[in-house]
Each structure stands twice: as C-alpha cells, then as structure tokens.
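*Asks:* Have a look at the structure that comes next, please.
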Amino acid sequence: MSMSIATSPQTRLLDHHSTNLFINNNHFTNKPSSIRITTTNPSFKPISIKCAATTQIQTPPPSTAQDRVFNFAAGPATLPENVLLRAQSELYNWRGSGMSVMEMSHRGKEFLSIIQKAESDLRTLLDIPSEYSVLFLQGGATTQFAAIPLNLCTPEDTVDFVVTGSWGDKAFKEAHKFCKPKLIWSGKSEKYTKIPSFNELDQTPDARYLHICANETIHGVEFKDYPTPKNGSGILVADMSSNFCSKPVDVSKFGVIYAGAQKNVGPSGVTIVIIRKDLIGNAQGVTPVMLDYKIHDENNSLYNTPPCYGIYTCGLVFEDLLEQGGLKEVEKKNIKKGEILYNAIDESNGFYRCPVEKSVRSLMNVPFTLEKSELEAEFIKEAAKEKMVQLKGHRSVGGMRASIYNAMPLAGVEKLVAFMKDFQARHA
C-alpha cells in the first residue's frame, strides 16, 4: 500500500513499505478519532495520530407556527398544519408498528389498512358510486393525457375538447398521438379568460368523449357547472387537479375524473383516477402496462410499488376534510376566501386587475396584475419579507397569482389583502 501523509522522515517511509491502517472512527461520539499506522519494515516504529477535532450532530431548534410562511404556491402547495404535525408524530413509528410508513411493504397489512382507509374516506367525501373504481397512480395528471385516450379510444375515434387554458391545451395536443381529437372551443384568442356557453358548443355526435379541465391553474378559470356530453357514449372526462375536493361534485356525471394530488389533497407523486368501471378493460394494444387501468384496477392500485407515503398523506388530508364537515363546509370556506381577495382586487380602482370573467373566476387560483407592471417585482419581494411567498405568476402569463387551496387559512388571505392595500397606499 502506498500513501503519503506528511513530509517527515518517518512518514516518507510509508511510500515504500507495506502499511496497515487502523482507524477508530468516533464520528457520532464526543471522543476524538484516532489513526494507528504500522508497517512491515522492522526498523519503523508504529505511530499514532489523534484528531483533536470532534464531530457533533446538531439538532435544530424545534419549529413553531411563527416560523411558517403563508405559501401561495400553485403546486406542490400548502398542506393543513394539523396534517403535517400528525405526519410528523407518526414518521418514526407509525402507530406502534415499529416502522415508518416509508419503510413498509406495500403488500403488508399495515399499508393495506392505510390505502383502504384513504379510498374509503375519499368515497365518502365525494359520494362516489359503487360502479366507479378509485385508482391511486403515479406520473401526474400529465400522464393521464395519454392514458385516457389509450384506455377509452381506438386510434380512429374522435374526441371533443373544450380548451379553457394551458392544461386543457396540453391534453388536446397529447391526444393526437392516440386518437383523433377535435377542438370544439378554445379560449386562446381571448387569453383564456372565459368559459363558453354550453349551448354554443358544436359537439361531435359520434365523439368517444368530451374532455374539459375543470379549473385552469395558470389562468384562473373554473367551471361552475359542467357541460352535458351529446356524444353517443355520453362520457365526460375532467382534469380536476387544481380544484379536486374543494367542493362537492356529482361524480355520476363523469366517465373519468383525474387529478394530481399536489394542489389540494397531498404531496406531489400521487395521481388519483376515478373511473366508471364499464370503461375499464378496452385499452389499445400498444398501451404500456403502467397506463392500463385494468391492470391497476385488478390489483387495487398495488400492481407495483405505489407512492406509499404520498397516499398515506392524502389519507390524512381526507380525514381532515371529513372532520371539517365534508366538502359542503369546505366550499363555504373557499367561497369566503375568494370573495375577500377578489373584492380587494375589484375595489382597488384599477391598481390591481384580474383579467378573468367574473362568472368563472377560480376559487383556487387567483391571477392578478398591477396597473404599474414595473412594481410587480417589488410587490413580490416585499410580500416575501412579510412571510407570504410564491406569489409570482406563471412564467407564461406573468403578473401575480395567489393559490388559495383548501389548506390556505383565512388568516393567510386576510394578511395578503391587508398587504395589498398597504402596498397600494404607498405606490398608487
């Protein structure tokens, strides 16, 4: 073994003789580490080197509610504080199991109880009929842009799309690879600020389904009611990623509802699909196994290792929503928060502006601009100093955006509105 550790006569000998090292490593104690070096050269005396420095693990001080910011991010987004604290308390040893949820076998009885409870609570929240399957998947809602046409269509089938924002447009573009999508209405020419009258939709009689995005996260446009498909199949498909579980929904009106969890019901990594059972089992032959609803349905979302910890957290959120009184009560809170914020914008004499038509303004994502656009960077900077973060608008539209999902407390919206009024008083 050849090595060099210093420039003394003794240590230079180590470059030319076989050497054995013994390291007593006390990284996790307060004792100094030591190294003992010996050599096969009989004329060489063993030497010991002791390290005076010690390594200590510093435990950070406990966090308090005062350390938390109001996070207006569009997703991943703020989660209920009591859910985070519950997850924290169960992180090391889940309910006496002797292990964390992160460590559990997804086929063990402990995790089975978690995923089954999560599904049961979600069914209660949304009053999901028994003829619908609930799937906990991965890949985000974006993966469903491909999975849905692959499972519901043949390559020759027509599919109608109503595009009210960027996400609906992405779904429409992806569908071109797997079916024949038809754009029957787009709000692009009006910068995605409205939703059409359903009577003016020129639906295709033989379309396989009608696709909508129920709430456009970027542009802040939300369906307050839903169109009735006039196609032969009567199938309505909705991306509900950013308003999922924010209000009651009549699931029976839909063939498929899909949503990424990271906005309203959990962390990133979980995608929820609610699908009518008769629509399962007809996937195109080229469908990858991980996109085949039949595979996931037959295996109860456990075909491969699912996002276990994310599903667990979703389950905690579902419990929390039920404890609040269900989605009717949650909707009331969301309406109140939305009214406070939109009123502040509308009553600012044009200092703040929301471009979305009032009748379809989102209760989840509120985009707004300043009359003096050069002040927008300062607005975001000053808000951050006041512990209100992630207010910058999406890079494609600019301005500001406040995402006020279920978990955003009323106090957060009230603080934002107070800041907005103060900022206007100083800069109008």
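*Asks:* Give me the one-decimal Kirkwood hydrodynamic radius in Å for segment 81-324, with the sum taken over alpha-carbon pairs. Please report the intermediate quantities before stating the final value.
*Replies:* On the way: mean 1/r = 0.0537 Å⁻¹.
Hydrodynamic radius (Kirkwood, Cα only) of segment 81-324 equals 18.6 Å.
*Asks:* Taking a ≥ b ≥ c as the square roots of the eigenvalues of the Cα gyration tensor of segment 168-254, is the shape rounded (a/c under 1.5), prolate (a/b larger than b/c) or oblate? Can you show the working numbers first?
*Replies:* Values: a/c = 1.42, a/b = 1.14, b/c = 1.24.
Taking the square roots of the gyration eigenvalues as a ≥ b ≥ c, segment 168-254 is rounded.
*Asks:* Straight-line reach from LYS385: which lysines have Cα under 19 Å away, leaving out those fewer than 8 places along the same chain?
*Replies:* LYS415, LYS421
*Asks:* Further question: For segment 137-151, take each phi angle, set θ = phi - 60°, evaluate the Karplus expression 6.51 cos²θ - 1.76 cosθ + 1.60, and give the result in whole Hz per residue in order, putting x for glycine and proline.
*Replies:* So the Karplus estimates, Gly and Pro as x, are 10, 10, x, x, 4, 4, 5, 6, 4, 8, 4, 5, x, 5, 8 Hz.
*Asks:* In segment 149-230, which GluC sites (Glu not before Pro) fall in coil by DSSP and have 15 or fewer other Cβ atoms within 10 Å? Working shown, then result.
*Replies:* Working: sites: GLU156, GLU174, GLU190, GLU200, GLU216, GLU222; in loops: GLU156.
Answer in residue order: GLU156.
*Asks:* So, by mean Cβ neighbours within 10 angstrom, what's the order for 257-266, 81-90, 243-252 with the highest one leading? List each step's numbers first, then the result.
*Replies:* On the way: 257-266: 27.0, 81-90: 14.0, 243-252: 19.8.
So the order, starting with the most tightly packed, is 257-266, 243-252, 81-90.
*Asks:* Moving on. Obtain the radius of gyration and the Kirkwood radius of segment 326-426 from its C-alpha atoms and give Rg over Rh.
*Replies:* On the way: Rg = 13.1 Å, Rh = 13.8 Å.
Checking Rg against Rh, the ratio lands at 0.94.
*Asks:* Cross-link list LYS194/LYS332; LYS173/LYS194; LYS224/LYS387; LYS173/LYS224; LYS180/LYS247; LYS173/LYS381: which exceed 28 angstrom alpha carbon to alpha carbon?
*Replies:* Details: LYS194/LYS332 23 Å; LYS173/LYS194 20 Å; LYS224/LYS387 32 Å; LYS173/LYS224 25 Å; LYS180/LYS247 33 Å; LYS173/LYS381 36 Å.
LYS224/LYS387; LYS180/LYS247; LYS173/LYS381, as the Cα separations exceed 28 Å there.
*Asks:* Follow-up. Can you run phi through the Karplus equation (6.51, -1.76, 1.60; θ = phi - 60°) for segment 190-195 and list ³J(HN,Hα) in whole Hz, with x for Gly and Pro?
*Replies:* 10, 6, 6, 10, 8, 10
*Asks:* While we're looking at this one, here's another question. At R0 = 51 Å, how high is the FRET efficiency between ALA418 and THR154 if r is their beta carbon distance? Nearest 0.05 is fine. Could the numbers behind the result be given before it?
*Replies:* Working: r = 56 Å, r/R0 = 1.10.
Approximately 0.35, to the nearest 0.05.
*Asks:* Okay, next question. What net charge do the residues around ASN343 carry, taking every other residue with its C-beta under 14 Å from that of ASN343, with Lys and Arg at +1 and Asp and Glu at -1? Please report the intermediate quantities before stating the final value.
*Replies:* Values: positive: LYS336, LYS337, ARG353, LYS358, ARG361, LYS421; negative: GLU339, ASP346, GLU347, GLU414.
After counting each charged neighbour, the total is +2.
*Asks:* Output ³J(HN,Hα) for segment 392-399: one whole-Hz value per residue in order, computed from phi by the Karplus curve 6.51 cos²θ - 1.76 cosθ + 1.60 with θ = phi - 60°, and x for Gly and Pro.
*Replies:* 5, x, 4, 4, 7, 10, x, x
*Asks:* Sticking with this structure for a sec: Quick query: amide H of VAL159 versus all other amide H atoms, modeled in the peptide plane; which residues come in under 5 Å with a sequence gap of 5 or more or a different chain?
*Replies:* Those qualifying (amide H under 5 Å, at least 5 residues apart or on another chain) are LYS180, LYS182, ARG208.
Bear in mind these aren't lab numbers, they're just calculated from the coordinates by the rules spelled out. This one's a predicted model, so the numbers in the text were calculated from it and none came from an experiment. Note that we place each Cβ from the backbone using ideal geometry, even for glycine, and neighbour counts take in every protein chain shown.
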